[in-house]
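Working notes, structure below.
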Amino acid sequence: MYNPKEAAEDSHALHLAILFFVASAVAISIYFHHDSGLKYWLLKGFGETTPGKVLVIINDTPDGDKAWAHYRSNYRNTFKNFKSWHDERIVVEINPTNAPAQTLDFRIKPGEIIRETDGAVNVTYLPLNPKIAYPTRSLDRFSLDSQILFWSLVAGAVLLFLALRSARKWARFRARLRQY
């Protein structure tokens, strides 16, 4: 038997289904950009800058079978930062205020650190946890991730509001349908 209100109920279900798929895309975006976006926000907002001394510059681009093992060691980082596996690594020692000396490892683009600077590089670190740090000159590489994260969070809040409103509308519709 045909229910005349069936099209209206399908419309409510369709809105929730569309919101679910859009929310899935937003969740994936947040997942891929949360680490670097949060690092950028923390270091820009609360970070302090200190001079660091470059101890070692390592060019560890793997070849052949070692490359595939290297790529498989961290799937998420490989997928997100595929180009960074061809970068150089630098080991930097910093002396943060009110904390012991830290030795940090950073991936950088080849030639990004000028080798003629007698091994000095400025590093921005978080005073509460000096292990959260990045070279000051390269910190702007994360600005796009922070903007994507911000707008993904805004979109997530809007989607949550719309989903709650749609679910309430559908629940009221079902309650009125039972009384009909």
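Points worth noting:
- If you go through the range 142-154 and keep only what is open to solvent by less than 100 Å² (accessible area, probe 1.4 Å) and free of Cβ contacts under 8 Å to residues at least 24 places away in the same chain, you end up with just V154.
- Qualifying residue in the range 38-55 (condition: at pLDDT below 85 and either under 30 Å from A157 (Cβ atoms) or open to solvent by less than 50 Å² (accessible area, probe 1.4 Å) (or both)): yes
- The residue list T117, T61, T78 contains one member that is at pLDDT below 70 and assigned to a helix (DSSP H, G or I), which is T78.
- When A157, A175 are checked against the criterion of being loosely packed, with under 13 Cβ neighbours inside 10 Å and either at pLDDT 90 or above or in contact with a Lys or Arg (Cβ under 6 Å, 6 or more places away or on another chain) (or both), A157 stands alone in meeting it.
- Looking only at the range 18-37, residues that are β-branched (V, I, T) and open to solvent by less than 80 Å² (accessible area, probe 1.4 Å) come to 3 in all.
The values are calculated or read from the model by the stated rules, or taken from the named source; none is laboratory data. Bear in mind that the values here come from a model prediction, so they are computed numbers and not experimental data. Cβ: placed from backbone, ideal geometry, glycine included. Neighbour counts: every protein chain shown. Surface areas here come from the heavy atoms of the whole protein model, side chains and all, with no ligands, DNA or RNA. Shrake-Rupley method; radii C 1.70, N 1.55, O 1.52, S 1.80 Å.
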